[in-house]
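Take a look at the structure below.
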Amino acid sequence: MDIKMLKALLAVADTGNVTKASAQLHLVQPAVSRQIKLLEEAFGARLFDRSPHGMVLTAAGEILAGHARRILDELSEARYKISASVQQVSGSVTLGMLPSLCDLLSAPLYARVTAAFPALRLNIVSGYAGHLREGLSRGSIDCALVYADDEEHHRFIPSLEEALWLVGPGNAALPAGGVSWQTLARTPLILPPLPHGIRRLAERAARRQNVALKVVTETDSLSVQKQLVLAGAGMTLLPAIAIEEACACGTFCCAPVGDPPLTRTLGFALPLAGESPAARHVLGLFDACLRERIGDGGWPHARLLTPTAGEALCSLVSE
């Protein structure tokens, strides 16, 4: 079995489309189709079903894809550890994260980095995307996991896509199947002020659907947004990861937005001047950590956009 087969499997699984997978892997379509066929022959099972939404993993495909992600992530992590053993990584690296991601990623990332590079000091800064990008520009932050931005002034590696949900109090009874853009336009909203990332995403998406958002209060505090929602002042828009646990226990009621859905793209923003060798090593572990959280179910409603940990980083560094 060839590693290229596993990469093809995951690319098709993540994109749902051989054409998109081929472009992602920089291969022609027949080559990707052949890799999938060879895998199916090797395991004696069909790995994909075709559906109106594209190619969908079968039960056997889901099992193999889970193992493939772990294999490729382990290989990626091994590359960084071996490189570090040849030349000890030391100094300090500062990473930036959005507040909604800190609980999910900070502890496992710290454990990975300190285990791989004991001589390295890892600093983690929490803040909104604008604040983190300012840190990149000043040189006080080496890498930040932030929203994609149409006006990006840093190098950016798209990593995942995540749904944004409409969030109301626990008794709001929002439809589980989601709310339409027309319903959202009639809903009093508590949102961060512009140019906050979620506000910009929501406003742009609403304009594409020819509706206007009804913003009744602005606050850039996640805690204040939640408290005002509970007080009945309106509803808000949040990434699923920031609110799902509170929805599960009944404190809040949540529903996905729109068809087409409202989503945010997250990725790694890097300084234009390039990163230090130490930052590059930590960046690979950062990427592997978020992929592991998605793979083990710790980050539901997130979809990976790049096929393997580290490959996009290497190609960007070489540009």
task = Answer rounded, prolate or oblate for segment 3-66, using the Cα gyration tensor with square roots of eigenvalues a ≥ b ≥ c: rounded when a/c is under 1.5, else prolate when a/b is larger than b/c, else oblate.
result = oblate
query = Points 7 angstrom from Cα along the Cβ direction at E62 and S126: gap in nanometres?
reply = 3.3
Under-5 Å amide H pairs with L262, H placed in peptide plane, nonlocal only = L164, V257
task = Within segment 102-198, report the GluC sites (Glu not before Pro) that DSSP leaves as loop and that have at most 16 other Cβ atoms within 10 Å.
result = E151, E152
Anchor K226: lysines whose Cα lies under 18 Å away (excluding residues fewer than 8 positions away in-chain) = K214
message = Which lysines, if any, have their Cα less than 23 Å from the Cα of K37, not counting same-chain residues under 8 positions apart?
response = K4, K7, K20
Among (1) 374; (2) 145; (3) 175, the entry derived from the coordinates for volume of the Cα convex hull per residue in Å³ = (2)
ask   = Length gain on complete extension for the stretch F43 to R186, per 0.36 nm per residue less the alpha carbon to alpha carbon distance?
value = 46.3 nm
ask   = Counting pairs of alpha carbon atoms under 8 Å apart in space and at least six apart in sequence, what relative contact order in percent does segment 99-147 give?
value = 27
task = Return the whole-Å distance between the Cα centroid of segment 71-146 and the Cα centroid of segment 165-242.
result = 31
query = Taking H as built 1.01 Å from N, whose amide H comes closer than 5 Å to the amide H of V89, not counting residues under 5 places away?
reply = none
task = Would you please state which residues of segment 171-214 a label at D259 would reach in this model, taking the label point 7 Å out along Cα→Cβ and a backbone N cut-off of under 12 Å?
result = 177-181
ask   = For the chain, with only Lys/Arg (+1) and Asp/Glu (-1) charged at the beta-carbon, what is the dipole magnitude about the Cα centre, in debye rounded to 20?
value = 260
ask   = What is the chain's relative contact order, in percent, from Cα pairs under 8 angstrom and six or more apart in sequence?
value = 24
Segment 161-247 shape via C-alpha gyration tensor axes, a/c threshold 1.5 = rounded
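Values in this text are rule-based calculations from the coordinates and carry no lab data. In this text the structure is predicted, and so the values were computed from the model without any measurement. Using ideal geometry, Cβ is built from the backbone for each residue, glycine included, and neighbour counts are taken over all protein chains shown.
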